[in-house]
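To keep things clear, I will list the structure first and then write my remarks on it.
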Amino acid sequence: MSFDPIVQKSISEQVAQRLLTMIRSGLLKPDQQLPPERELAAMLGVGRPAVREAIRGLALLGLLRIRQGEGTFVSSLETRELLEPLEMIIDLNAGTLEALFDARMIIETGVAALAATNMGDTELAMLVRNIEDEERLLSDPVAFAAADVEFHEAIIEACDNPFLQSIAGSLYMLGKKSRTITSRIPATLERSLQDHRDILDALKARDPQKASDAMRAHLIHVRDAYRGAAKDKNESVHGD
């Protein structure tokens, strides 16, 4: 008998997911003001830093609006308004890339869980072929990156939720800069290929939790690869 390890979510992730659920269910309505940070932390039984980080991530997505001197409000949730700020914010520097990874961690893990429930045999077969393509393209970073896009787009499409599709698709494409850096590292491509196999196995098993966990592990690996590549680049610059 074997047991899968329990993946611990950060407190800020749990807070963000709780707020997302309240927004999606209508408990938090468009233009409604959230309680002050201190009250919200007390209501959720968490520290203020976790609440602050969750609000920052949801504000980056456009789901919340922070008005200086007034407080934090639920956005009007129009798709155009949700996506408009992203193209401008992500002039990807180190700080915004970290925020982007945080946002992807919250959104794409949920998307993977929904895809595990909704994905049909035809879509699964397409992912199998996609991974076979990636196996052949390990020596071609540009072509591998294109196959990577197709893999993630197929999962986003399979979640069958237009709202999440718009957000997740935009977040994924905004991560292009990080992929141009990490895709040059052969070990990173091999790691991504194995991660994609793990995600596919979870989707085939129709297991939402495993799919979510596999996607989270993949994004952590990608984030860590970017951090390592960025650190090496900085050390190289300073060493010249």
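Report ³J(HN,Hα) in whole Hz for each residue of region 118-130, in order, from the Karplus equation J = 6.51 cos²θ - 1.76 cosθ + 1.60 where θ = phi - 60°; Gly and Pro get x.
Values per residue, Gly and Pro as x: 9, 5, x, 5, 5, 5, 5, 4, 5, 5, 4, 5, 4 Hz.
Extending each Cα 7 Å along its Cβ direction at A143 and T117, get the distance between those two points in nm, one decimal.
That separation, rounded to one decimal, is 3.9 nm.
Stretch R56-D31 to full length: gain in nm at 0.36 nm per residue minus the Cα-Cα span?
7.3 nm
Taking 0.36 nm per intervening residue step and subtracting the Cα-Cα distance, what contour gain separates R48 from D198 on full extension?
This chain segment gains 50.5 nm when fully extended.
Once you put a point 7 Å from the Cα of A217 and another 7 Å from the Cα of E157, both along the Cβ direction, what distance in nm separates them?
If labels sit at A217 and E157, their model points lie 2.7 nm apart.
If R0 is 35 Å, what FRET efficiency do you get for R129 and D224 from their C-beta distance, rounded to 0.05?
That gives a FRET efficiency of 0.80.
Bear in mind that the values in this text are calculations on the coordinates, not laboratory data. Treat the numbers as computed from the prediction; the structure is a model and nothing was measured. Heads up, the Cβs are rebuilt from the backbone with ideal geometry, glycines too, and the neighbour counts pull from every protein chain shown.
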